[in-house]
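The values are calculated or read from the model by the stated rules, or taken from the named source; none is laboratory data. Keep in mind the model is a prediction, meaning the values are calculated, not measured. Here the Cβ is made from the backbone with ideal geometry for all residues, glycine too, and neighbour counts use every protein chain on show. Ligands, DNA and RNA are excluded from the accessible area calculation, which covers all protein heavy atoms including side chains. Shrake-Rupley method; radii C 1.70, N 1.55, O 1.52, S 1.80 Å.
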Amino acid sequence: MSHAPVVLPRLTALARQAVPKILEGVVAPLAVFYAALAVLGLTGALIAAVSWVYVGVGWRLVRRVPVPGTMILAAIAITVRALLGLWSGSAVIYFLQPELGTICISMVFLASVRLNRPLVQKLTLDYIHLPTAVLKHERVRRFFARITLLWAFVLLANSAVSIWLLLHQSIGTYLLVRTSVVALISGLAVAVSLYAFRRVLRRLHHDPAPAPAVSPA
């Protein structure tokens, strides 16, 4: 029997699903912390950053909307960071923790490829929906494995640059330069990832459908 054609989502539709969540979970917490640091100091910035994450979780619970696993992990991580930052009274301790954690995460990315369960695929499904038939396609499986490797090395590069800046520059310089460098490296990686994903989708559209099976006479 012939297989039904795979229906693929448009990249614009995927972007509409992912961008609001990325803005809420990644961009907004950084903006809140930087703004509070300038106005309220370190303690106020730590409280503001933690409050932002928990308000997002609470808002979803009140509306009975599923809370993404990445948001739960972020809430736990930022709580630990803030407590250590408040206990030490050092901004360096607060900023060093996520960099060390990022190095560990990059190792997990590498291990997930080795275990044939690329982590980028799971994280992607937290933000967008992909049909099961697409996820099982060999081209898509190879894509997620390669992109997971790419992001493992991107995370390592970002952490190496960030730690060097943190230990050798002032906090103000660290925040400015680190944000710019990480944005550049990550932006290039995002561009490569999107280009590769578009190419995979285009090839899936042009893959010939399996020929009907012929029963023996």
Per residue accessible area of the range 47-93, 1.4 Å probe, in Å²: 65
Heavy-atom accessible area of the range 53-108 with neighbours in place, 1.4 angstrom probe: carbon+sulfur share in percent works out to 78
With a point put 7 Å past each Cα toward its Cβ, work out how far LEU61 is from SER88 in nm, to one decimal. 2.9
Positive minus negative residues near PRO98 (Lys, Arg vs Asp, Glu; Cβ under 13 Å): +1
